[in-house]
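Chemist: Could you have a look at this structure, given as structure tokens, before my questions?
A short reminder: the numbers here are calculations on the coordinates, not readings from a lab. Every value quoted in this text rests on a predicted model; they were computed, and no experiment measured them. Positions of Cβ are generated from backbone atoms using ideal geometry, with glycine treated the same way; all protein chains shown enter the neighbour counts.
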């Protein structure tokens with residue numbers, strides 16, 4: 001061909017055997033693919049569609065190039081349209097995300113979401129315009145063919161055909177053939193598409209998917225706020241198995257240390273979900289978990305900008321006089337705060353103070369900008385089991401940990417996240433539920449039992465006022481727990497309680513009175529409210545209820561002491577002067593005397609009135 005290739009291809013379309021509907025589809029698909037930035041699952045699906053449909057490849061490529069150039073020219077438009085699409089067409093994005101291969105597309109990308117609408121629209125307009133032009137041109141050729149015998153004779157000459165072939169390319173045998181019925185399916189393309197899909201599955205089966213590994217590492221890094229490393233990621237798509245080894249999570253506060261190291265993670269995975277670009281794991285088994293391990297090299301720490309407001313007791317509608325700092329009750333409050341800071345990275349954001357979206361500063365950033373929250377979670381672990389995990393706590397120690405519905409976007413998943421920790425070393429059992437089904441801010445609730453206070457004593461400060469030798473705590477809790485704040489109420493019950501006073505005692509009673517109360521107090525029921533920032537929580541005690549229980553215990557202690565004194569005096573004064581038969585009957589008579597005194601003073605009457 002002597003003419004430039006793109007001109008000859010365009011002229012071949014004008015008088016070739018490409019039907020107008022196929023011309024329309026060629027331009028539509030070309031602009032659609034070209035205007036979407038990058039390469040995604042939707043690009044792959046459209047490319048396969050181009051192979052299957054009998055579209056004009058040259059026209060498709062020309063339209064693709066034009067679409068790519070247009071996307072660069074109108075990048076801000078695609079960005080703003082994408083924001084609108086994500087805000088108003090969330091159902092469309094969710095539907096596309098549920099289609100295999102297409103679901104791999106990252107619809108968080110604003111420009112891509114915008115091109116999802118703008119691309120087909122521009123392609124349809126250009127396709128219709130070109131199809132109309134081609135139809136008119138072909139009608140003109142038919143008129144020439146019907147009305148001019150000289151044109152037909154000239155057009156049928158061999159040398160004209162040869163020259164036409166050299167200058168322009170392949171054309172129809174005669175003018176009327178330009179309006180023959182089109183064939184919409186390319187048989188060779190179907191075979192090629194099947195081979196490509198089969199080759200993709202075989203490649204994923206035998207070759208490690210580094211892209212998925214990188215995506216998993218990036219997801220963990222963003223959640224951890226510091227570098228996360230994966231030694232190996234083996235995905236068996238056909239077998240539905242996933243194995244991860246050498247997981248290292250960098251401590252954001254100490255980049256030379258990993259706060260968690262996992263030897264191996266094995267799980268069942270769905271092939272359907274993998275084709276959606278999601279890593280949905282079922283029956284996850286975790287082994288060889290270690291904490292606070294040194295790294296070979298410092299891990300990368302993400303820059304986190306936090307603007308915490310100072311704690312204001314009035315915000316939580318509690319009496320500031322009842323608030324107590326964590327330092328008063330915890331021996332090593334600094335260590336506890338560091339652990340709470342680590343926990344904070346995995347807690348959900350609060351929607352009370354939404355962050356405004358900042359537009360890109362550079363032009364090309366309009367094509368790369370992504371929404372802060374994914375439309376749907378990309379990683380989900382339905383069931384996680386970590387058995388015989390050595391938790392660095394005297395309360396739990398060697399334990400079994402079970403979790404469900406863990407993901408990097410629990411707010412979008414709308415699933416209850418649960419965790420259960422059962423200790424093998426102690427009777428401790430903790431069950432926790434974070435319910436995302438009722439809103440973006442989850443409600444936290446759960447139960448605990450078998451918390452041995454003697455095991456927890458080593459963590460209590462001397463200023464706490466009590467030294468526990470025995471006691472099992474159990475109860476329930478519920479409230480709100482986010483990165484910004486905590487407001488959780490605990491209903492605590494303690495049985496088999498045995499404790500002595502430490503320091504100045506509790507509730508201003510002093511050490512002596514506190515010890516006297518604890519001698520008689522075997523059970524205790526109270527509520528504790530934890531409020532404030534996650535890293536600086538305050539404790540609010542039910543001082544009124546505790547004071548009442550302590551007063552009752554003091555009264556009981558006084559009665560018991562008086563009873564013992566009366567029995568002692570009776571035994572000393574009359575023990576040797578009365579027959580042995582009466583001594584047995586006199587034992588415990590001090591109790592009757594004390595109750596009788598209480599009746600004379602109106603105590604018994606008051607008790608009956610209470611009943």
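Chemist: Evaluate the Kirkwood expression for the hydrodynamic radius of segment 313-541, namely the inverse of the mean inverse distance over all pairs of different C-alpha atoms, and round to one decimal in Å.
Modeler: 20.0 Å
Chemist: Quote the Stokes-Einstein diffusion coefficient, in whole µm² s⁻¹, for segment 413-526, based on the Kirkwood radius over alpha carbon pairs, a temperature of 20 °C and a viscosity of 1.002 mPa s.
Modeler: Calculated translational D: 135 µm²/s.
Chemist: Report the convex hull volume per residue for segment 75-119, counting only C-alpha atoms, in Å³.
Modeler: Per-residue hull volume (Cα only) is 59 Å³.
Chemist: At residue 39 and residue 158, where each label point lies 7 Å from the Cα along Cα→Cβ, what is the point-to-point distance in nanometres?
Modeler: A separation of 4.7 nm, rounded to one decimal place.
Chemist: Right, next: Cut-off 11 Å, label point 7 angstrom out along Cα-to-Cβ of residue 282: give me the residues of segment 380-424 whose amide nitrogen falls inside.
Modeler: Those under the cut-off are 382-383.
Chemist: Cα gyration tensor of segment 56-147, axes a ≥ b ≥ c as square roots of the eigenvalues: rounded (a/c below 1.5), prolate (a/b > b/c) or oblate?
Modeler: Judged from the Cα gyration tensor, segment 56-147 comes out prolate (a/c at least 1.5, a/b above b/c).
Chemist: So if each residue of separation counts as 0.36 nm, and I subtract the Cα-Cα distance between residue 333 and residue 132, what length gain in nm does that give?
Modeler: Result: 64.6 nm gained on full extension.
Chemist: Extending each Cα 7 Å along its Cβ direction at residue 544 and residue 447, get the distance between those two points in nm, one decimal.
Modeler: 2.9 nm
Chemist: Okay, next question. Hey, fewest Cβ within 10 Å first, where do 419, 518 land in order?
Modeler: 419, 518
Chemist: Would you mind checking segment 45-73 for residues with the amide N under 11 Å from a putative spin-label position 7 Å along Cα→C-beta of residue 184?
Modeler: Inside the label zone: 53-54.
Chemist: Can you give me the three principal axis dimensions of segment 208-294 from its C-alpha atoms, in Å, biggest first?
Modeler: 40, 23, 19
Chemist: Output the relative contact order of segment 313-541, whole-number percent, from Cα pairs under 8 angstrom with separation of 6+ residues.
Modeler: About 19 percent, as a whole number.
Chemist: Send over the semi-axes of segment 469-563's equivalent ellipsoid, whole angstrom and largest first, taken as the square roots of 5 times the C-alpha gyration tensor eigenvalues.
Modeler: Equivalent ellipsoid of segment 469-563: 30, 14, 11 Å, largest first.
Chemist: Further question on the same structure: For 278, 334, what's the fewest-to-most ordering of other Cβ within 10 Å of each Cβ?
Modeler: Starting with the residue having the fewest Cβ neighbours, the order is 334, 278.
Chemist: I need the shape label for segment 385-447. Rule: rounded when a/c is under 1.5, else prolate if a/b > b/c, else oblate, with a, b, c from the alpha carbon gyration tensor.
Modeler: Since a/c reaches 1.5 and a/b is larger than b/c, the shape of segment 385-447 is classed as prolate.
Chemist: Here's a follow-up. How much length would be gained if the chain were fully extended between residue 243 and residue 57, taking 0.36 nm per residue of separation minus their Cα-Cα distance, in nm to one decimal?
Modeler: 62.8 nm
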